[in-house]
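One structure is given here, and the rest of the page talks about it.
The values are calculated or read from the model by the stated rules, or taken from the named source; none is laboratory data. Keep in mind it's a predicted model, so treat the numbers as computed, not measured. Cβ placement follows ideal geometry from the backbone for every residue including glycine, while neighbour counts extend to all protein chains displayed. Remember, those area values only see protein heavy atoms, side chains included, never the ligands or the DNA or RNA. Shrake-Rupley method; radii C 1.70, N 1.55, O 1.52, S 1.80 Å.
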Amino acid sequence: MRRLRLLRTTAAPLGWAGALLLLLGAPAYAHTALKDSAPAPGAEVGAGTRVVRLTFNNLTVGIAPNISMVGPDGRAIPVGQPVVTDTTTACAAVSPLPAGIITLTYSITAGDGDAQTNSFQFEAVDGTKPADIPSVCAQLSLPPPDTGTSDDSFLGLVSPAGVTVLAGGAAVAAGGGFLTIRGLRRRRVLKESGTE
């Protein structure tokens, strides 16, 4: 009986010490955990949805998470640079989501410098209205997703600067052609008049 009492008195402090260590160690892992998102893991949203929101327990000030998405065909879905609204929420503009299973991957840096990467899936469904922009994201100016082409491009081939260069080159070529034709006409007139 005395031996059993001795085991109880020794086990209790060890149990408390172990629990204390777990509690003290937990914030290093849990303080950047994903709390909520729109779309949520496993949720269904309308195809064509254009903004995603991720809410964490805590984000390092000034450091936005990296967000990437892959569509049902295995191709990357363009995602704009995320904007952090406060110390918990990040919003990002995305290209209109295609129908099918979407995989969203996010990487965050904790306050202690540890990087964490996780992912989850949700489904974009045709025939369903695209999700509204989350209210916390609505007032933000979200950078557009980098689709590799500019909306201001000329025939989708070159940028506005490229159009300017092409236009300048065309003007030089036209001017040179005009002077060449003018010189040939003048020469012909002089030849016909016999003054050449």
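Numerical summary
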item	result
Net length gained if the chain between GLN116 and SER135 were fully extended (0.36 nm per residue, minus Cα distance)	4.2 nm
Contour excess over end-to-end distance, with Cα ends at LYS35 and VAL83 and 0.36 nm allotted per residue	15.6 nm
Extended-chain gain in nm, criterion 0.36 nm per residue less alpha-carbon gap, ASP73 and THR147	25.0 nm
THR117, THR60, ranked by accessible area, largest first (probe 1.4 Å)	THR117, THR60
Residue order for GLU44, GLU123 - accessible surface, 1.4 angstrom probe, largest first	GLU44, GLU123
Charge tally in the Cβ shell below 13 Å around VAL79, where Lys, Arg are +1 and Asp, Glu are -1, VAL79 excluded	+2
